1. I need the full set of residues from region 162-197 which are under 24 Å from Thr88 (Cα atoms) and either modelled with pLDDT under 95 or of a type in the set (S, T, N, Q) (or both), in order please.
2. Condition first: of a type outside the set (Gly, Ala, Ser) and within 14 Å of the chain's Cα centre (by Cα). Now tell me which residues in region 42-65 satisfy that.
3. Is region 122-130 home to any residue that is among the hydrophobic types (A, V, I, L, M, F, W, C), more than 19 Å from Asp52 (Cα to Cα), out of contact with any helix residue (DSSP H, G or I) (no Cβ under 8 Å at 6 or more places or on another chain) and not in a loop (DSSP other than H, G, I, E, B)?
4. Considering every residue within region 78-86, establish whether at least one is closer than 18 Å to Val176 by Cα, of a type outside the set (Phe, Trp, Tyr), under 15 Å from the mean Cα position of the chain (by Cα) and part of a helix (DSSP H, G or I).
5. Go through region 142-193 and count every residue that is of a type outside the set (Asp, Glu), more than 21 Å from Arg72 (Cβ to Cβ) and without any contact (Cβ under 8 Å) to a residue 12 or more places away in the chain.
6. Determine which member of the set Ala152, Ala146 is surrounded by fewer than 19 Cβ atoms within 10 Å (Cβ to Cβ), assigned to a helix (DSSP H, G or I) and modelled with pLDDT of 95 or more.
7. From (1) under 13 Å from Lys180 (Cα atoms); (2) touching a residue at least 40 places away in the same chain (Cβ under 8 Å); (3) assigned to a loop (DSSP other than H, G, I, E, B), pick out the condition that doesn't hold for Ala110.
8. Just to check your reading of the model, which residue among Ile99, Ile111, Ile125 is within 22 Å of Asn40 (Cα to Cα), touching a Phe, Trp or Tyr at 6+ places or on another chain (Cβ under 8 Å), modelled with pLDDT under 95 and surrounded by 12 or more Cβ atoms within 10 Å (Cβ to Cβ)?
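The values are calculated or read from the model by the stated rules, or taken from the named source; none is laboratory data. Note that the structure is predicted; figures quoted are calculated from it, not measured. Here the Cβ positions follow ideal geometry from the backbone for every residue, glycine too, while neighbour counts run over all protein chains shown.
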Amino acid sequence: MKSNVYTRTGDAGQTSLIGGTRVSKTDLRLEAYGTVDELNAQLGLLHTYLADPTTDESVAAARAVDAALLLRVQSDLFSVGASLATDTSKLPPRPTAIITPEMVSELEQAIDRIESQLPPLRLFILPGGGRAAAVAHVCRTVCRRAERRILALAEQADVAPELLAYVNRLSDYLFVLSRKLNVDEKKEEIIWNKRCK
């Protein structure tokens, strides 16, 4: 019996978009949703750190909230990927591929909630601190790269403004989450040592 995992149709460097259009695997659209997929995998890694056991009940409760949001984000990123993989010149995006203003608002509310618990940021900080915070910073930078790839695609094709806003807010959320994770772990933020004169 043949596996469903491989189809052999992409061996020559082409793949199908939703709608059937065949494109190169180096196409901007593929680059955009492939980077979103990479971000989703990194978020899966970050989620494992949020599941680490802790004896601090308040930290455990807060991490449960963050972990639940990360799972929703991972599901949302499947919708982002589906939207980016849809050839809208051939068919409209499916309802499951639409990013809504409510999804953007949920991220903004999470950012506001976390920022209200953090000390003011007065200087640039280096990515790092605790392991979970460091992984959150990796996620943030992959998210920013995904945003750049999506913006490059948006110069050639229609990309919903809500999708662009969602990815932009997600990188902001990951930044404040990284700070919060350091606070949770009682790790000092690493301040940029500006040695330039």
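1. We begin by selecting, within region 162-197, every residue under 24 Å from Thr88 (Cα atoms); these are 162-168.
Matches in region 162-197: Asn168 only.
2. Scanning region 42-65 gives Gln42, Leu43, Leu45, Leu46, His47.
3. The answer is yes, given that some residue of region 122-130 is among the hydrophobic types (A, V, I, L, M, F, W, C), more than 19 Å from Asp52 (Cα to Cα), out of contact with any helix residue (DSSP H, G or I) (no Cβ under 8 Å at 6 or more places or on another chain) and not in a loop (DSSP other than H, G, I, E, B).
4. no
5. So the first thing to find is which residues in region 142-193 are of a type outside the set (Asp, Glu), and the list is 142-146, 148-154, 156-157, 159-161, 163-171, 173-183, 186-187, 190-193.
Filter once more, so that each one left must be more than 21 Å from Arg72 (Cβ to Cβ): 145, 148-149, 151-154, 156-157, 159, 182-183, 186-187, 190-193.
Narrowing further to those that are without any contact (Cβ under 8 Å) to a residue 12 or more places away in the chain: 148, 154, 186, 193.
Result for region 142-193: 4.
6. When all the criteria are applied, what remains is Ala152.
7. All conditions are met except number (3).
8. None of the other options fit; the residue is Ile99.
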